[in-house]
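Below you'll find the structure, written out as structure tokens, and then a few comments.
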Amino acid sequence: MDQANILIIGGGVIGSAIAHAVSQRSDDVFLVEQNPKLGMATSTRNSGVIHSGIYYPKNSLKARLCIEGNRLMYEFCAKHNVPFRHTGKLVVAADAHEEPALLALKKNGEDNGVEGLRLIGPDEIRAREPHITGVAALDVPSTGIVSAEDLVRTYGRLAADQGANIVQRAKVISLEPSPGAIRVGLRIGDEQDSQDETIEARCIINAAGLYADEVAALLGNMSWKIYPVRGEYCEIRGPRRTLINNLVYPLPHADALSLGVHFTKTLWGTVLLGPTARYVDAKDNYERDRLSIPDFVQGAKPLLPEVQESDLQLGYSGLRPKLVPPGGKGYADFVITRDPAVPQAIHLVGMESPGLTAAPAVAVHVAKMVEEMMD
């Protein structure tokens with residue numbers, strides 16, 4: 001039986017960032033991921049936006065870790081040559097009825113400590129984004145975009161360089177607490193050609209994303225249930241990609257389900273339109289019953305009247321690990337906590353947006369928890 005000091009379950013951006021952080025101080029670190037590559041699920045099926053922290057309640061984990069993650073993300077990308085662009089963004093009020101909500105968003109961001117926020121009028125909107133229609137906008141200068149795939153790959157490479165063991169195609173099938181450790185049962189390989197192995201770890205970190213509730217349940221912890229919400233994208237390629245210069249957002253949905261269908265000029269010069277937000281029936285339901293291009297056009301026209309169906313082609317989709325059920329109301333913060341019954345386990349649950357941005361700050365936070373646990 002292999003021995004580990006720390007075993008991280010889930011090789012998305014957060015699990016990979018944690019592996020990088022904890023392997024700087026600990027030997028015998030394992031990162032296990034059930035997919036063939038790191039970051040194949042939520043981490044790379046999104047807009048790649050580096051968020052500012054304007055949307056989340058004051059003193060929430062999402063607000064604090066997003067703002068700190070924003071700073072750390074730019075530093076990490078610059079240091080390790082991860083492709084990124086510091087763009088800023090506009091959050092646009094389409095009509096006068098939305099202006100009070102725009103003011104409230106500005107105040108919320110300022111309360112969280114986001115710097116440089118300012119309101120601009122139609123003339124400056126047109127100067128920045130000539131094809132966007134709006135009565136006012138919130139200028140958010142700290143926002144940017146990053147190549148999520150390169151980010152995850154870099155975290156994994158640096159962790160491996162520090163001695164971490166990266167094990168892919170490794171699904172956790174059992175967790176059995178023992179005195180001072182947890183025995184982790186793994187099924188390694190493809191379904192047709194797999195073998196079962198066990199690793200005994202002094203500490204496990206559940207960063208399993210969409211499956212974090214199921215991993216917690218393997219320890220008997222039924223505290224959480226994840227509800228997958230699918231976000232779908234369209235893409236503008238070719239000459240019409242000049243309709244958008246950088247990042248343009250509407251005001252977020254009143255039900256807090258998403259930040260709204262927005263426009264992202266990617267690092268490769270195309271324009272993403274999305275994501276939508278809809279609860280789906282399964283954690284692997286990426287493609288069934290996709291929205292049509294006319295649905296996207298209808299949602300885009302209030303801010304971008306010139307967009308036409310012929311401009312768009314369907315893009316990819318992603319799933320978010322929501323903790324609020326369908327029809328539910330209210331805000332759900334990140335959950336980062338030690339298991340009350342199995343103190344050798346740390347759970348990260350509901351790590352949806354701004355999880356990508358927050359990842360470097362989450363990694364620092366979890367590394368401190370691990371250090372305290374293992375002292």
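The values are calculated or read from the model by the stated rules, or taken from the named source; none is laboratory data. Remember, it's a predicted structure, so these values are computed and weren't measured experimentally. Note: ideal-geometry Cβ built from the backbone for every residue, glycine included; neighbour counts use all protein chains shown.
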- Task: Please work out if ILE293 is at pLDDT 95 or above and not assigned by TED's automatic domain parsing to the domain that holds GLU235.
- Result: no
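Yes/no per residue for (1) more than 30 Å from GLY10 (Cβ to Cβ); (2) in a loop (DSSP other than H, G, I, E, B); (3) free of Cβ contacts under 8 Å to residues at least 60 places away in the same chain:
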site: VAL92; (1), (2), (3): yes, no, no
site: GLU110; (1), (2), (3): yes, no, yes
site: LEU119; (1), (2), (3): yes, no, yes
site: ASP123; (1), (2), (3): yes, no, yes
site: ILE132; (1), (2), (3): yes, yes, no
site: ASP150; (1), (2), (3): no, no, no
site: VAL167; (1), (2), (3): no, no, no
- Item | Test: residue in the range 167-180 that is touching a Pro at 6+ places or on another chain (Cβ under 8 Å), within 30 Å of PRO343 (Cα to Cα) and not assigned by TED's automatic domain parsing to the domain that holds GLY318 | yes
- Note on the structure: Among ARG25, ARG45, the single one that is under 28 Å from ALA181 (Cβ atoms) and of a type in the set (Lys, Arg) is ARG25
- Note on the structure: Sole miss for GLY10 among (1) surrounded by 19 or more Cβ atoms within 10 Å (Cβ to Cβ); (2) within 23 Å of GLY274 (Cα to Cα); (3) not hydrophobic (A, V, I, L, M, F, W, C) is condition (2)
- Yes/no for GLU306 being in contact with a Leu (Cβ under 9 Å, 6 or more places away or on another chain) and in a loop (DSSP other than H, G, I, E, B): yes
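Let's see how each residue does on (1) of a type in the set (Val, Ile, Thr); (2) surrounded by 15 or more Cβ atoms within 10 Å (Cβ to Cβ); (3) at pLDDT below 95:
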position	(1), (2), (3)
PRO130	no, no, no
THR133	yes, yes, no
PRO141	no, yes, no
GLN162	no, yes, no
- Task: Residue by residue through the range 126-156, note down the ones that are under 21 Å from ALA358 (Cβ atoms) and of a type in the set (Lys, Arg).
- Result: ARG153
- Pairs, first surrounded by 24 or more Cβ atoms within 10 Å (Cβ to Cβ) in the range 351-375, second of a type in the set (S, T, N, Q), C-beta under 7 Å, six or more apart: LEU356/SER43; LEU356/ASN46; THR357/ASN70
